[in-house]
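The structure appears below as structure tokens.
The values are calculated or read from the model by the stated rules, or taken from the named source; none is laboratory data. None of the values given here were measured: they were computed from a predicted structure. Backbone-built Cβ (ideal geometry, glycine too); neighbour counts: all protein chains shown.
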Amino acid sequence: MIAPPGAGKGTQGAVLAEHLGVPHIASGDLLRDHVARRTEIGRSVQQFVERGELVPDDVVLEMVRSALLVADDGYVLDGVPRTMAQARALYDAALEMDATADVALHLQVGEAELVRRLLARAEEQGRADDTDEVIRHRLALYDEVTHPILDWYDERGILVSVDAEPSADDVSRHVITALEVVRQIIAGNPDAPRTAINLTGLGKAFGA
Ligand code: ADP
């Protein structure tokens with residue numbers, strides 16, 4: 001899953017993982033857990049996470065790699081890759097494990113709604129990086145270094161883009177419907193070239 005902060009990766013990732021019966025592996029959750037447990041990794045990443053900076057690629061990749069190794073039947077990966085270097089490294093790691101990404105799921109939400117959601121979450125959860133200034137920085141980093149990697153998945157034909165502004169339940173329905181279509185395409189011909197699916201215009205086209 002590749003989406004800006006506040007787009008709903010955590011919510012939709014959990015729903016999707018439950019639907020598919022696979023683990024939901026979220027880099028942000030893993031990092032926050034390390035910080036809370038004051039592990040060596042936690043101490044080394046705390047400042048990056050609290051300031052909304054990207055944690056160094058090698059730390060994230062090593063942490064995620066360990067989580068992937070025990071997820072034999074697939075997984076929903078949330079928050080990685082966030083840089084082109086991470087995307088390449090994951091691609092190589094997956095090849096080594098004889099695995100591949102079936103789908104790159106992109107949740108699209110406009111900036112005003114993202115800021116609104118993150119500030120609302122700040123009131124409820126008090127996450128250290130949900131302050132106005134850090135939120136702006138995380139959004140800018142997303143635009144600059146994460147969003148561009150979507151092109152790579154688009155070219156591979158595995159990008160599924162969904163409008164994630166509607167209610168969480170509606171977005172879940174759209175995501176699951178789109179992924180069930182992809183599942184049937186893959187089952188029918190696993191090695192066939194694929195075409196990216198863009199559902200972000202659906203709402204406008206049908207007025208809902
Ligand atoms: P959000 O998408 O709302 O920023 P996450 O929980 O995905 O929330 O990430 C929180 C923070 O964890 C990021 O701001 C960053 O500091 C760190 N982080 C998570 N994933 C990565 C990653 N793949 N590469 C570098 N840093 C990461």
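For Gly21, indicate whether it is of a type outside the set (Val, Ile, Thr), within 14 Å of the chain's Cα centre (by Cα) and under 24 Å from Tyr75 (Cα atoms).
Details: of a type outside the set (Val, Ile, Thr): yes; within 14 Å of the chain's Cα centre (by Cα): no; under 24 Å from Tyr75 (Cα atoms): yes.
No.
Provide a single number: the residues in the range 144-173 that are under 21 Å from Thr11 (Cα atoms), touching a residue at least 60 places away in the same chain (Cβ under 8 Å) and under 15 Å from the mean Cα position of the chain (by Cα).
6
Go through the range 84-129 residue by residue and tally those that are part of a helix (DSSP H, G or I) and β-branched (Val, Ile, Thr).
Of the residues in that region, 1 qualify.
If only one of Ala101, Ala85, Ala94 is within 14 Å of the ligand (Cβ to nearest atom) and either in contact (Cβ under 8 Å) with a residue 60 or more places away in the chain or aliphatic (A, V, I, L, M) (or both), which one is it?
Ala85
Please indicate, with yes or no, whether at least one residue in the range 79-101 is touching a helix residue (DSSP H, G or I) at 6+ places or on another chain (Cβ under 9 Å), surrounded by fewer than 17 Cβ atoms within 10 Å (Cβ to Cβ), under 27 Å from Asp151 (Cα atoms) and polar (S, T, N, Q).
The answer is yes; a qualifying residue exists.
What are the residue pairs meeting all of these: first residue in the range 121-143, first residue loosely packed, with under 11 Cβ neighbours inside 10 Å, second residue not hydrophobic (A, V, I, L, M, F, W, C), Cβ atoms under 9 Å, and 6 or more apart or on different chains?
Every condition considered, the pairs that remain are Glu123/Asp130; Glu133/Gly52.
More than 19 Å from Leu150 (Cβ to Cβ), within 12 Å of the ligand (Cβ to nearest atom), out of contact with any Cys (no Cβ under 9 Å at 6 or more places or on another chain) and modelled with pLDDT of 95 or more: which single residue out of Glu40, Glu53 fits that description?
Glu53
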